[in-house]
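The structure appears right after this line, and notes come after that.
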Amino acid sequence: MTAYLAQARTELVLTLRRGESILLTLGIPVLLLVFFSQVDVLPKPAGVDEPIDFLAPGVIALALMSTAMVNVAIATGFERQYGVLKRLGATPLGRPRLLMAKTTAVLAVEVVQLLVLVPLSLLLGWEPEATWLPFLVVAALGTVAFAGLGLLMAGTLRAELTLALANGLYLVLLLLGGMIIPLSELPGPLEAFAELLPAAALAAGVDGTLTAGASVPGWAWATLVLWAIATPVAAALTFRWE
């Protein structure tokens, strides 16, 4: 337990010390939230009057995705390439507790993100009506799905390629995930394709559990569960420690 706690603390400290991680997990979400809630240039879903009512759940989903996927993929990819994972796996810490420590660090960063984004959204005029248990289930499924995707890239590709692919995928999912642009604004075939992606399912799930009068659509639950099963299994089957 001591080794696990020490490693979890190390993972969290290293994450918070990386400037690019802070920019990705907090800087970009805060910037998008503040700018687009004050500058009404983005389309809004039908029935939504204030931009913050659509942006707040979407940006929270974006923050969860950035921590679970991009941050995990890039950090793990370089640790694998430099032999850090191999050495840590051979210590008394062991691989299971190493993975637990990484998971704990991800969850800790997500808590920090919520502690920043939720009060900021409230200051910007957001009036949520949260159902916290379903929200936690949605957030957990999204975290597992995106962490699995990040580990799948980090465990099979070179670190430089993982870096490029994770950032490219982040941008694509930001645009197609219904986080700042409503899915209804996309062309029909593209909207149908986007609903198959975990980003759109996570955004719909966060919106459905935090917005007054909303609910999580069935396709979002199904998509989230499928990705939360498929990506960790694929990562476990293909992950190379060195």
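The values are calculated or read from the model by the stated rules, or taken from the named source; none is laboratory data. A quick note: this is a predicted structure, and the numbers were derived from the prediction, not measured. Don't worry about glycine lacking a Cβ; one is built from the backbone with ideal geometry, like all the others, and counts go over all protein chains shown. We work out accessible area using only protein heavy atoms, side chains counted, and drop any ligands, DNA or RNA first. Shrake-Rupley method; radii C 1.70, N 1.55, O 1.52, S 1.80 Å.
Listed here are the residues, each with its yes/no results for (1) without any contact (Cβ under 8 Å) to a residue 40 or more places away in the chain; (2) of a type in the set (Val, Ile, Thr); (3) crowded, with 21+ Cβ neighbours inside 10 Å.
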site	(1), (2), (3)
Val172	yes, yes, no
Ile181	no, yes, no
Leu196	yes, no, no
Leu210	no, no, yes
Val216	no, yes, no
Trp221	yes, no, no
Trp227	no, no, yes
Ala234	no, no, no
Trp241	no, no, no
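In this structure, Leu122 does not qualify as open to solvent by less than 50 Å² (accessible area, probe 1.4 Å), over 15 Å from Phe239 (Cα atoms) and part of a helix (DSSP H, G or I). Flag: Ala145 matches the condition of being touching a Pro at 6+ places or on another chain (Cβ under 6 Å), over 28 Å from Val41 (Cβ atoms) and not in a loop (DSSP other than H, G, I, E, B). The one condition from (1) within 17 Å of the chain's Cα centre (by Cα); (2) buried (at least 17 other Cβ atoms within 10 Å of the Cβ); (3) modelled with pLDDT under 95 that Val111 does not meet is (2).
The sole residue among Glu129, Glu110 that is among the acidic types (Asp, Glu), touching a helix residue (DSSP H, G or I) at 6+ places or on another chain (Cβ under 8 Å) and assigned to a helix (DSSP H, G or I) is Glu110. When Gly150 is tested against (1) more than 15 Å from Phe78 (Cα to Cα); (2) open to solvent by less than 50 Å² (accessible area, probe 1.4 Å); (3) within 14 Å of the chain's Cα centre (by Cα), just one condition goes unmet, and that condition is (1). Between Ala101, Ala75, Ala68, Ala61, the distinction of being closer than 22 Å to Leu224 by Cβ, out of contact with any Leu (no Cβ under 7 Å at 6 or more places or on another chain) and touching a residue at least 60 places away in the same chain (Cβ under 8 Å) belongs to Ala68 only. Being open to solvent by 10 Å² or more (accessible area, probe 1.4 Å) and farther than 28 Å from Phe239 by Cα: is that true of Gly205 here? Here the answer is no, as Gly205 does not meet what is asked.
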